[in-house]
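Heads up: the structure comes next, in structure tokens.
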Amino acid sequence: MIKYRLICDDEHEFEGWFRDSADYDQQAEDGLVECPVCGSEEVRKAVMAPAIAKRSGSRRERLAGIRKDMVQAVERARDYVEKNFDYVGEQFPEEARKIHYGEAEDRGIYGEASGKDVKELIEEGIDVSPLPKTKEKADEAGKLKPAVPAASAKKLN
């Protein structure tokens with residue numbers, strides 16, 4: 001796996017993980033790499049210092065670093081959704097359908113949905129993106145709050 005710092009034509013910076021540099025090149029050529037902030041497909045690699053592996057670092061330490069980076073990326077995505085999308089709770093499937101079919105205002109939403117609901121939305125051609133739980137979203141009792149498993153991608157397009 002390789003991590004690239006990326007930047008879109010509106011100067012939004014973000015990171016992306018790819019199997020190798022050829023994987024990035026192919027995805028970019030196919031229009032599959034887009035800015036998570038504005039949805040632009042005009043994305044390029046940002047200048048970054050090379051990561052030089054240390055011989056003393058164990059595989060376990062390297063994997064722990066990758067996990068940490070991935071958790072931070074998930075937390076940033078959740079924070080962005082929570083700050084910029086409307087929370088609709090358990091009404092997510094119904095509200096996503098209303099937006100998709102033009103029966104409600106076009107806006108980004110998030111809320112709860114079962115796996116079955118998410119599958120049905122995807123089969124209907126409605127863009128949804130599950131968001132995993134994070135440790136940062138723990139309540140006072142130390143238990144994880146319910147996941148916010150889906151956010152309409154309408155606003156990002």
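Each reported figure results from applying straightforward, stated rules to the coordinates on display, with no laboratory input. Quantities reported herein were computed from a predicted structural model and do not represent experimental measurements. For neighbour counting, all protein chains shown are included, and Cβ atoms are generated from backbone atoms with ideal geometry for every residue, glycine included.
Listing VAL71, VAL81 from fewest to most neighbouring C-beta atoms within 10 Å gives VAL71, VAL81. In order along the range 113-125, phi translates into HN-Hα couplings of 7, 6, x, 4, 4, 4, 4, 5, 4, 4, 4, 7, x Hz, rounded to whole numbers, per the Karplus curve 6.51 cos²θ - 1.76 cosθ + 1.60 with θ = phi - 60° and x for Gly and Pro. With a cut-off of 12 Å between beta carbons, the residues surrounding SER114 carry a summed charge of -2, where Lys and Arg count +1 and Asp and Glu -1.
Phi-derived couplings, Karplus 6.51 cos²θ - 1.76 cosθ + 1.60 at θ = phi - 60°, listed residue by residue for the range 38-43: 10, x, 5, 8, 7, 10 Hz, with x used for Gly and Pro. Classify the range 1-52 from the C-alpha gyration tensor, please: rounded if a/c falls under 1.5, else prolate or oblate depending on whether a/b exceeds b/c. It comes out oblate by the Cα gyration axes.
Between GLU29 and GLN91, the contour length at 0.36 nm per residue exceeds the Cα-Cα span by 18.6 nm.
Between GLU105 and GLU124, the modelled labels are 2.0 nm apart [label points 7 Å from Cα along Cα→Cβ].
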